[in-house]
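The values are calculated or read from the model by the stated rules, or taken from the named source; none is laboratory data. Here the structure is a predicted model, which means the values were calculated and not measured. Counting neighbours? That spans all protein chains shown, and the Cβs are built from the backbone with ideal geometry, glycine included. Heads up: the accessible areas ignore ligands, DNA and RNA and are worked out on the full protein's heavy atoms, side chains in. Shrake-Rupley method; radii C 1.70, N 1.55, O 1.52, S 1.80 Å.
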Amino acid sequence: MSTDETPETESTVPAALPVLPLRDVVVYPHMVIPLFVGREKSILALDQAMRSGKQILLVAQKQADVDDPGAQDLYRLGTIATILQLPNLPDGTVKVLVEGAERAKIEKLHTGQYFSAEVSPFKDVEQYDEREMDVLARSVTSQFEQYVKLNRKVPPEVLTALAGIEQPGRLADNVAAHMSLKLDAKQKVLEIQDVRKRLEHILALIEGE
């Protein structure tokens, strides 16, 4: 047996995670976001997550208007998130505050009372020249500043938050999260594993806007 296989115990990812299908949002790692949950399957998935380490897999639906999504309606790449707060609202919906942790790929999706998935980590690929990357990151930031000036929907304090981000992959995710992109475009950013390509892709998106 070859010795360079990683033993499964090293991964922080549990064997199967409850899955929360999202209608019109893509959640990236390091993002903290409130989600309103009303579907019974989704509430059961949240309950299970609360009982088993507060981790849940957030996966976007391909079509937002599908009320009862099947396996074929979900993207195969999502974000493992930690549940920070889970208060119940008077009208029977649940507002959950989640924080994205890492990208993960669904290897096997189980359907039942709620979706659960066996996943593998989808880690950033960071092979690049640091100086070149700095230039690229600065270009993305300055172009995004122009975008914020033109697009009144983005609060200016977002730029202050971006200034404190040192990891290029995280910068790309943050910019994508605040852009008015269609769902499939946001999903595409989630699926770009190579950090340099992700930043270049974001730069092209900003320039396209």
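Here are a few things to note about the model shown:
- Taking Cα atoms only, the orientation of helix 130-150 departs from the longest principal axis of the chain by about 80 degrees.
- Amide H contacts for ASP194 (H built 1.01 Å from N in the peptide plane; partners 5 or more residues away or on another chain; cut-off under 5 Å): VAL125.
- Between the beta carbons of SER120 and ARG152, assuming R0 = 35 Å, the FRET efficiency works out to 0.30 to the nearest 0.05.
- Under the combined filter of DSSP loop state and at most 14 neighbouring Cβ atoms within 10 Å, the stretch 100-182 retains these trypsin sites (Lys or Arg not before Pro): LYS123, ARG152, LYS153, LYS182.
- The stretch 108-141 and the stretch 22-52 have Cα centres separated by 19 Å.
- Accessible area per residue, Å², the stretch 62-209 with all protein chains present, probe 1.4 Å: 57 Å²
- Label positions at ALA64 and ASP129, each projected 7 Å from the Cα along the C-beta direction, are separated by 4.2 nm.
- In the elastic network of the chain, a GNM with C-alpha springs shorter than 10 Å, the most mobile of THR160, THR79, THR93 is THR160.
- The mean sequence distance of close C-alpha pairs (under 8 Å, at least 6 residues apart), as a share of the length of the chain, puts its relative contact order at 22 percent.
- Computed label-point distance, nm, for sites GLU200 and LYS54 using a 7 Å Cα→Cβ extension: 4.0 nm
- Residue list for the stretch 149-168, given a label point 7 angstrom along the Cα-to-Cβ vector of SER180 and an amide N cut-off under 18 Å: 149-159
- Placing ARG39, ARG196 in order of accessible area, with the largest value first and a 1.4 Å probe, yields ARG196, ARG39.
- Protein accessible area in the chain, 1.4 Å probe - carbon and sulfur %: 48 percent
- Listed by chain and number, the aspartates and glutamates whose C-alpha is less than 12 Å from the C-alpha of LYS62, apart from same-chain residues fewer than 8 away, are ASP24, ASP73, ASP184.
- Options (i) 18.2; (ii) 16.3; (iii) 17.8 - which one matches Kirkwood radius over Cα pairs in Å as calculated here: (i)
- Beyond 31 Å in Cα-Cα separation lie the following of the pairs LYS123/LYS149; LYS95/LYS197; LYS41/LYS149; LYS153/LYS188: LYS123/LYS149; LYS95/LYS197; LYS41/LYS149.
- Most mobile of LEU190, LEU89, LEU20 in a GNM of the chain (Cα contacts under 10 Å): LEU89
- Nearest-ten-degree value, helix 195-208 long axis tilted from longest Cα axis of the chain: 70 degrees
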